[in-house]
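Structure first, then comments.
The values are calculated or read from the model by the stated rules, or taken from the named source; none is laboratory data. Everything quoted here is computed from the prediction, not taken from an experiment. Cβ atoms come from the backbone with ideal geometry, glycine included; neighbour counts cover every protein chain shown.
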(Lines give C-alpha, C1' and ligand atoms only; values in the text may rest on other atoms or scores of the structure.)
Protein backbone atom coordinates (compact mmCIF):
# COMPACT_ATOMS: atom_id res chain seq x y z
CA UNK A 1 0.00 0.00 0.00
CA UNK A 2 1.38 3.41 -0.95
CA UNK A 3 0.30 6.96 -0.16
CA UNK A 4 1.58 10.51 0.18
CA UNK A 5 1.68 11.84 3.72
CA UNK A 6 2.70 15.12 5.32
CA UNK A 7 5.57 15.22 7.80
CA UNK A 8 6.87 18.16 9.83
CA UNK A 9 10.55 19.08 10.15
CA UNK A 10 12.12 20.40 13.33
CA UNK A 11 11.89 24.00 12.05
CA UNK A 12 8.15 23.68 11.48
CA UNK A 13 8.28 23.17 7.70
CA UNK A 14 5.71 20.69 6.42
CA UNK A 15 6.63 18.54 3.45
CA UNK A 16 5.16 15.72 1.43
CA UNK A 17 6.57 12.20 1.58
CA UNK A 18 5.79 9.07 -0.39
CA UNK A 19 5.26 6.06 1.89
CA UNK A 20 4.89 2.46 0.82
CA UNK A 21 4.35 -0.46 3.20
CA UNK A 22 5.12 -4.13 2.67
CA UNK A 23 2.68 -6.97 2.97
CA UNK A 24 2.76 -8.53 6.42
CA UNK A 25 4.95 -7.46 9.31
CA UNK A 26 7.74 -5.07 8.25
CA UNK A 27 11.35 -6.10 8.78
CA UNK A 28 12.27 -2.48 9.37
CA UNK A 29 12.13 0.92 7.69
CA UNK A 30 14.10 2.83 5.08
CA UNK A 31 14.28 6.49 4.11
CA UNK A 32 14.84 6.73 0.34
CA UNK A 33 16.32 10.13 -0.55
CA UNK A 34 15.79 11.58 -4.00
CA UNK A 35 18.20 12.84 -6.63
CA UNK A 36 17.65 16.46 -7.73
CA UNK A 37 14.59 15.46 -9.76
CA UNK A 38 12.05 15.19 -6.98
CA UNK A 39 10.13 12.17 -5.75
CA UNK A 40 9.59 11.07 -9.32
CA UNK A 41 8.53 7.75 -10.79
CA UNK A 42 12.05 6.34 -10.51
CA UNK A 43 12.44 7.18 -6.83
CA UNK A 44 8.97 5.87 -6.07
CA UNK A 45 9.87 2.63 -7.86
CA UNK A 46 12.98 2.29 -5.70
CA UNK A 47 10.83 2.71 -2.59
CA UNK A 48 8.33 0.19 -3.98
CA UNK A 49 11.13 -2.30 -4.58
CA UNK A 50 12.35 -2.12 -1.01
CA UNK A 51 8.79 -2.48 0.26
CA UNK A 52 8.62 -5.75 -1.67
CA UNK A 53 11.69 -6.82 0.29
CA UNK A 54 9.80 -6.24 3.52
CA UNK A 55 10.66 -2.66 4.49
CA UNK A 56 8.46 0.36 5.11
CA UNK A 57 9.93 2.93 2.71
CA UNK A 58 9.51 6.69 2.79
CA UNK A 59 10.76 9.23 0.25
CA UNK A 60 10.65 12.85 1.48
CA UNK A 61 10.07 15.65 -1.04
CA UNK A 62 13.14 17.80 -0.44
CA UNK A 63 12.08 20.37 -3.02
CA UNK A 64 8.89 21.23 -1.14
CA UNK A 65 10.78 24.12 0.46
CA UNK A 66 11.35 25.54 -3.04
CA UNK A 67 8.54 24.24 -5.22
CA UNK A 68 5.89 21.69 -4.33
CA UNK A 69 4.98 18.69 -6.44
CA UNK A 70 8.32 18.41 -8.25
CA UNK A 71 8.32 15.28 -10.40
CA UNK A 72 10.94 15.61 -13.12
CA UNK A 73 11.51 13.22 -15.99
CA UNK A 74 14.94 12.65 -17.57
CA UNK A 75 14.36 14.73 -20.67
CA UNK A 76 17.01 17.39 -21.47
CA UNK A 77 14.68 20.32 -20.81
CA UNK A 78 13.38 19.01 -17.51
CA UNK A 79 16.85 18.05 -16.30
CA UNK A 80 18.12 21.51 -17.24
CA UNK A 81 15.35 23.04 -15.11
CA UNK A 82 16.38 20.87 -12.16
CA UNK A 83 20.05 21.82 -12.48
CA UNK A 84 19.54 25.55 -13.05
CA UNK A 85 16.37 26.42 -11.12
CA UNK A 86 16.07 23.91 -8.28
CA UNK A 87 19.42 22.42 -7.31
CA UNK A 88 21.12 25.79 -6.58
CA UNK A 89 18.41 26.57 -4.04
CA UNK A 90 18.89 23.41 -1.99
CA UNK A 91 20.31 23.92 1.48
CA UNK A 92 22.12 20.95 3.05
CA UNK A 93 21.14 21.76 6.62
CA UNK A 94 17.48 22.24 5.77
CA UNK A 95 17.38 19.14 3.58
CA UNK A 96 18.75 17.12 6.47
CA UNK A 97 15.91 18.37 8.67
CA UNK A 98 13.49 17.03 6.06
CA UNK A 99 15.27 13.66 5.93
CA UNK A 100 15.12 13.52 9.73
CA UNK A 101 11.37 14.26 9.66
CA UNK A 102 10.82 11.35 7.29
CA UNK A 103 13.04 9.14 9.44
CA UNK A 104 11.06 9.94 12.58
CA UNK A 105 7.77 9.29 10.77
CA UNK A 106 8.63 5.66 10.03
CA UNK A 107 11.11 4.74 12.76
CA UNK A 108 8.85 3.97 15.72
CA UNK A 109 9.63 0.42 16.76
CA UNK A 110 11.48 -0.26 13.49
CA UNK A 111 15.20 -0.35 12.93
CA UNK A 112 15.64 2.28 10.25
CA UNK A 113 18.25 3.06 7.59
CA UNK A 114 18.79 5.86 5.07
CA UNK A 115 19.53 5.24 1.39
CA UNK A 116 19.96 7.93 -1.25
CA UNK A 117 21.06 8.78 -4.77
CA UNK A 118 23.36 11.62 -5.91
CA UNK A 119 22.26 14.55 -3.69
CA UNK A 120 20.36 11.92 -1.71
CA UNK A 121 23.56 9.90 -1.47
CA UNK A 122 25.19 12.86 0.23
CA UNK A 123 22.17 13.07 2.55
CA UNK A 124 22.70 9.40 3.41
CA UNK A 125 26.34 10.05 4.31
CA UNK A 126 25.49 13.11 6.41
CA UNK A 127 22.63 11.23 8.10
CA UNK A 128 25.32 8.89 9.38
CA UNK A 129 27.77 11.59 10.43
CA UNK A 130 25.27 14.06 11.91
CA UNK A 131 22.71 11.65 13.31
CA UNK A 132 22.99 12.83 16.90
CA UNK A 133 22.48 16.50 16.00
CA UNK A 134 19.49 15.53 13.85
CA UNK A 135 17.90 13.45 16.59
CA UNK A 136 17.91 10.25 14.52
CA UNK A 137 19.60 6.88 14.95
CA UNK A 138 20.07 5.07 11.63
CA UNK A 139 21.37 1.53 11.98
CA UNK A 140 23.18 2.00 8.66
CA UNK A 141 23.13 4.19 5.57
CA UNK A 142 23.72 3.58 1.86
CA UNK A 143 24.81 6.25 -0.61
CA UNK A 144 24.85 5.94 -4.38
CA UNK A 145 27.20 8.36 -6.22
CA UNK A 146 27.08 10.89 -3.41
CA UNK A 147 27.73 14.25 -5.02
CA UNK A 148 30.08 16.54 -3.10
CA UNK A 149 30.99 13.93 -0.51
CA UNK A 150 34.63 14.95 -0.70
CA UNK A 151 33.82 18.15 1.18
CA UNK A 152 32.51 16.06 4.10
CA UNK A 153 34.82 13.04 3.90
CA UNK A 154 36.43 13.67 7.28
CA UNK A 155 33.14 13.72 9.18
CA UNK A 156 32.85 10.69 11.46
CA UNK A 157 29.95 8.31 10.78
CA UNK A 158 28.03 6.99 13.78
CA UNK A 159 26.81 3.84 12.00
CA UNK A 160 27.99 1.53 9.21
CA UNK A 161 27.92 3.07 5.73
CA UNK A 162 28.04 1.59 2.22
CA UNK A 163 28.93 3.84 -0.73
CA UNK A 164 28.64 3.09 -4.46
CA UNK A 165 30.41 5.03 -7.22
CA UNK A 166 30.77 4.57 -10.94
CA UNK A 167 34.44 4.35 -11.87
CA UNK A 168 33.65 6.46 -14.95
CA UNK A 169 31.64 9.10 -13.07
CA UNK A 170 32.26 12.48 -14.70
CA UNK A 171 30.47 14.35 -11.88
CA UNK A 172 32.45 13.04 -8.91
CA UNK A 173 36.24 13.32 -8.99
CA UNK A 174 38.28 10.30 -7.97
CA UNK A 175 39.85 12.53 -5.33
CA UNK A 176 36.52 12.66 -3.49
CA UNK A 177 36.25 8.87 -3.37
CA UNK A 178 39.87 8.56 -2.27
CA UNK A 179 39.27 11.13 0.49
CA UNK A 180 36.49 8.99 1.94
CA UNK A 181 38.67 5.87 1.79
CA UNK A 182 41.61 7.62 3.43
CA UNK A 183 39.44 8.91 6.26
CA UNK A 184 37.84 5.50 6.78
CA UNK A 185 40.47 2.78 6.36
CA UNK A 186 39.67 -0.92 6.52
CA UNK A 187 39.13 -2.09 10.08
CA UNK A 188 37.80 1.24 11.31
CA UNK A 189 34.56 1.18 13.29
CA UNK A 190 31.87 1.87 12.24
CA UNK A 191 32.70 0.33 8.90
CA UNK A 192 32.59 2.35 5.69
CA UNK A 193 32.49 0.16 2.59
CA UNK A 194 33.30 1.91 -0.69
CA UNK A 195 32.66 0.23 -4.04
CA UNK A 196 33.55 1.41 -7.53
CA UNK A 197 31.99 -0.10 -10.65
CA UNK A 198 34.05 -0.33 -13.81
CA UNK A 199 32.36 1.02 -16.91
CA UNK A 200 29.62 2.74 -14.92
CA UNK A 201 29.17 6.49 -14.90
CA UNK A 202 27.11 8.82 -12.77
CA UNK A 203 23.54 7.73 -11.93
CA UNK A 204 24.21 4.17 -13.07
CA UNK A 205 21.22 2.92 -11.07
CA UNK A 206 18.76 5.19 -12.90
CA UNK A 207 16.88 2.56 -14.93
CA UNK A 208 14.52 4.94 -16.80
CA UNK A 209 17.48 6.93 -18.17
CA UNK A 210 19.27 4.95 -20.91
CA UNK A 211 22.05 7.54 -21.05
CA UNK A 212 23.07 6.75 -17.46
CA UNK A 213 21.83 3.27 -16.62
CA UNK A 214 24.39 0.49 -16.31
CA UNK A 215 22.49 -2.75 -15.72
CA UNK A 216 25.41 -4.84 -14.44
CA UNK A 217 26.57 -2.22 -11.95
CA UNK A 218 23.03 -1.51 -10.81
CA UNK A 219 22.36 -5.19 -10.20
CA UNK A 220 25.54 -5.74 -8.18
CA UNK A 221 25.13 -2.54 -6.16
CA UNK A 222 21.51 -3.47 -5.46
CA UNK A 223 22.48 -6.92 -4.22
CA UNK A 224 25.18 -5.48 -1.99
CA UNK A 225 22.85 -2.83 -0.61
CA UNK A 226 20.11 -5.32 0.18
CA UNK A 227 22.58 -7.66 1.92
CA UNK A 228 23.87 -4.67 3.92
CA UNK A 229 20.36 -3.71 5.00
CA UNK A 230 19.55 -7.29 5.95
CA UNK A 231 22.73 -7.44 8.03
CA UNK A 232 21.85 -4.40 10.11
CA UNK A 233 18.06 -4.30 9.98
CA UNK A 234 17.08 -7.91 9.38
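Could you please let me know if residue 88 is at pLDDT 95 or above, under 18 Å from the mean Cα position of the chain (by Cα) and farther than 18 Å from residue 203 by Cα? Give the derivation first.
Working: at pLDDT 95 or above: yes; under 18 Å from the mean Cα position of the chain (by Cα): no; farther than 18 Å from residue 203 by Cα: yes.
Spelling it out, it is not the case that residue 88 is at pLDDT 95 or above, under 18 Å from the mean Cα position of the chain (by Cα) and farther than 18 Å from residue 203 by Cα.
Test residue 101 against the criterion of being farther than 23 Å from residue 205 by Cα, part of a helix (DSSP H, G or I) and under 15 Å from the mean Cα position of the chain (by Cα), and give yes or no. Talk me through it step by step, then tell me what you get.
Working: farther than 23 Å from residue 205 by Cα: yes; part of a helix (DSSP H, G or I): yes; under 15 Å from the mean Cα position of the chain (by Cα): yes.
It is true that residue 101 is farther than 23 Å from residue 205 by Cα, part of a helix (DSSP H, G or I) and under 15 Å from the mean Cα position of the chain (by Cα).
Applying the selection to the range 2-29, what residues are within 11 Å of residue 102 (Cα to Cα) and assigned to a strand (DSSP E or B)?
5, 6, 7, 8, 14, 15, 16, 17, 18, 19, 29
Could you list, in sequence order, the residues of the range 30-49 that are part of a loop (DSSP other than H, G, I, E, B) and within 15 Å of residue 3 (Cα to Cα)?
Going through the range 30-49, the residues part of a loop (DSSP other than H, G, I, E, B) turn out to be 34-37, 39-40.
Hits for the range 30-49 are 39, 40.
For the range 181-215, which positions are part of a helix (DSSP H, G or I) and within 25 Å of residue 42 (Cβ to Cβ)?
First pass over the range 181-215, keeping only residues part of a helix (DSSP H, G or I): 181-183, 215.
The answer is 215, and nothing else.
Which condition from (1) within 19 Å of residue 200 (Cα to Cα); (2) surrounded by 15 or more Cβ atoms within 10 Å (Cβ to Cβ) is the one that residue 171 breaks?
Status for residue 171: all satisfied but (2).
Got at least one residue in the range 107-124 being in a helix (DSSP H, G or I), in contact with a helix residue (DSSP H, G or I) (Cβ under 8 Å, 6 or more places away or on another chain) and free of Cβ contacts under 8 Å to residues at least 40 places away in the same chain?
Yes: one or more hits.
With the structure loaded, tell me whether residue 18 is under 18 Å from residue 226 (Cβ atoms), crowded, with 18+ Cβ neighbours inside 10 Å and in contact with a strand residue (DSSP E or B) (Cβ under 6 Å, 6 or more places away or on another chain) or whether it fails that test.
No.
Is one or more of the residues making up the range 80-103 surrounded by fewer than 18 Cβ atoms within 10 Å (Cβ to Cβ), touching a residue at least 60 places away in the same chain (Cβ under 8 Å), more than 23 Å from residue 55 (Cα to Cα) and out of contact with any strand residue (DSSP E or B) (no Cβ under 9 Å at 6 or more places or on another chain)?
Yes, the range 80-103 contains at least one residue that is surrounded by fewer than 18 Cβ atoms within 10 Å (Cβ to Cβ), touching a residue at least 60 places away in the same chain (Cβ under 8 Å), more than 23 Å from residue 55 (Cα to Cα) and out of contact with any strand residue (DSSP E or B) (no Cβ under 9 Å at 6 or more places or on another chain).
For the range 50-61, check the following and say yes or no: at least one residue is in a helix (DSSP H, G or I), surrounded by 15 or more Cβ atoms within 10 Å (Cβ to Cβ) and touching a strand residue (DSSP E or B) at 6+ places or on another chain (Cβ under 8 Å).
First, the residues of the range 50-61 that are in a helix (DSSP H, G or I): 50-52.
Of the ones still in play, those that are also surrounded by 15 or more Cβ atoms within 10 Å (Cβ to Cβ) are 50-51.
When the remaining residues are screened for being touching a strand residue (DSSP E or B) at 6+ places or on another chain (Cβ under 8 Å), the result is 50-51.
Yes, the range 50-61 has at least one match.
Test each condition in (1) within 15 Å of the chain's Cα centre (by Cα); (2) more than 19 Å from residue 130 (Cβ to Cβ) for residue 161 and report the one that comes out false.
(2)
Which of the following residues is under 15 Å from the mean Cα position of the chain (by Cα), part of a loop (DSSP other than H, G, I, E, B), free of Cβ contacts under 8 Å to residues at least 60 places away in the same chain and crowded, with 17+ Cβ neighbours inside 10 Å: 146, 218? First the steps, then the outcome.
Values: 218 fails: part of a loop (DSSP other than H, G, I, E, B).
Result of the check over 146, 218: 146.
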